[in-house]
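> Below is the structure I would like to discuss, written out as structure tokens.
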Amino acid sequence: SMVAFGRNFTGFSIINYFSRNLDNVLLGRFWGPNELGLYNRAYQLMTLPIDQINEPITSVAIPALSRINDAAERYRQAYLRMLEKIAMLTMPAVAFMMATSDWIIDVVLGPQWSATSRIFLLLGMTGMFQPIANTSGWLFLTQGRSRDMFHWGLISGPLTVGSIVLGLPWGAIGVATSYALTRVFVTDPLLFWFVGRKGPVRTIDFYRTIAPFTL
């Protein structure tokens, strides 16, 4: 059972890694280092503060939720409290970064990277909800649903690849726009539905928790 659990998790991780990095490969191949550099700097700058918050919380959340997995309502309340804190920390911060994208790029990267600000702004749309979506992995793993996690990778991977290919003819701006819109309006809602089909945390719980912060 442990091998099966690990096999499914590894399968998801491989699919997720290649689909998430295909944008860099294709932009570099078809548009060259300039477009790739603009996109890559914007993407890394957007995800850096998110990762600094999400990773340490994840290291605490997974063992904490695993210990109370047999108490459904307690599990649900604990997860939603953590989700609420993440939304409270990250969503206003990303909104501020989007609103001041030109200033942030100028201060952090310098005026020579000013073309990055539009890409940074577009990627901010997915940055708003990425920390929320990342917590779905807690639910898959702590509920022993690595097979569902792998199946989700088979759904999300092609959606991510398709969004990248769709925006590729318009360069970094096109990829950022297509990727962000697909994530916000297609992939993330599908994820909330998929992970909420089973277990104590339902799909509606995601929307009830993040709605105030989204507004």
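The values are calculated or read from the model by the stated rules, or taken from the named source; none is laboratory data. None of the values given here were measured: they were computed from a predicted structure. Ideal geometry is used to build each Cβ from the backbone, glycine not excepted, and the neighbour counts take in all protein chains shown. When the accessible area is computed, the model is the full protein with side chains, heavy atoms only, and any ligands, DNA or RNA have been set aside. Shrake-Rupley method; radii C 1.70, N 1.55, O 1.52, S 1.80 Å.
> What do you reckon, is Arg67 under 21 Å from Phe194 (Cα atoms) and either modelled with pLDDT of 95 or more or open to solvent by 40 Å² or more (accessible area, probe 1.4 Å) (or both)?
No: the conditions fail for Arg67.
> Do we find a residue being more than 25 Å from Gly162 (Cβ to Cβ), assigned to a helix (DSSP H, G or I) and either acidic (Asp, Glu) or without any contact (Cβ under 8 Å) to a residue 60 or more places away in the chain (or both) anywhere in region 9-20? Quick ask: steps written out before the conclusion?
So the first thing to find is which residues in region 9-20 are more than 25 Å from Gly162 (Cβ to Cβ), and the list is none.
The answer is no; no qualifying residue exists.
> Which is closer than 17 Å to Ile173 by Cβ, touching a Phe, Trp or Tyr at 6+ places or on another chain (Cβ under 8 Å) and either small (Gly, Ala, Ser) or in contact (Cβ under 8 Å) with a residue 60 or more places away in the chain (or both), of Leu38, Leu65?
Leu38
> Then there is this: Counting only residues that are within 24 Å of Ile14 (Cα to Cα), open to solvent by 20 Å² or more (accessible area, probe 1.4 Å) and not aliphatic (A, V, I, L, M), give me the helices (runs of 4 or more DSSP H) lying completely in region 146-215 with at least 1 of them.
Correct list: 146-167, 171-182, 188-195.
> Being within 16 Å of Ala211 (Cα to Cα) and of a type in the set (Val, Ile, Thr) is true for just one of Thr116, Thr100, Thr126. Which residue is that?
Going through Thr116, Thr100, Thr126 in turn, just one is within 16 Å of Ala211 (Cα to Cα) and of a type in the set (Val, Ile, Thr): Thr126.
> Can I ask one more? Got at least one residue in region 25-33 being without any contact (Cβ under 8 Å) to a residue 24 or more places away in the chain, closer than 16 Å to Ser163 by Cβ and out of contact with any strand residue (DSSP E or B) (no Cβ under 6 Å at 6 or more places or on another chain)?
The answer is yes, given that some residue of region 25-33 is without any contact (Cβ under 8 Å) to a residue 24 or more places away in the chain, closer than 16 Å to Ser163 by Cβ and out of contact with any strand residue (DSSP E or B) (no Cβ under 6 Å at 6 or more places or on another chain).
> Please determine whether any residue of region 80-100 is more than 30 Å from Leu139 (Cβ to Cβ) and in a helix (DSSP H, G or I).
yes
> Are any residues in region 1-44 within 14 Å of the chain's Cα centre (by Cα) and under 22 Å from Trp103 (Cβ atoms), and if so, which ones?
Residues of region 1-44 that are within 14 Å of the chain's Cα centre (by Cα), as a first pass: 13, 16-17, 19-21, 43-44.
Residues satisfying the conditions are Tyr43, Gln44.
> Another question, if that's okay. Of all residues in region 108-135, count the ones that are open to solvent by 10 Å² or more (accessible area, probe 1.4 Å), within 11 Å of the chain's Cα centre (by Cα) and without any contact (Cβ under 8 Å) to a residue 60 or more places away in the chain.
1
> Taking region 109-120 as the region of interest, how many residues are farther than 14 Å from Asn40 by Cβ and part of a helix (DSSP H, G or I)?
Of the residues in region 109-120, 4 are farther than 14 Å from Asn40 by Cβ and part of a helix (DSSP H, G or I).
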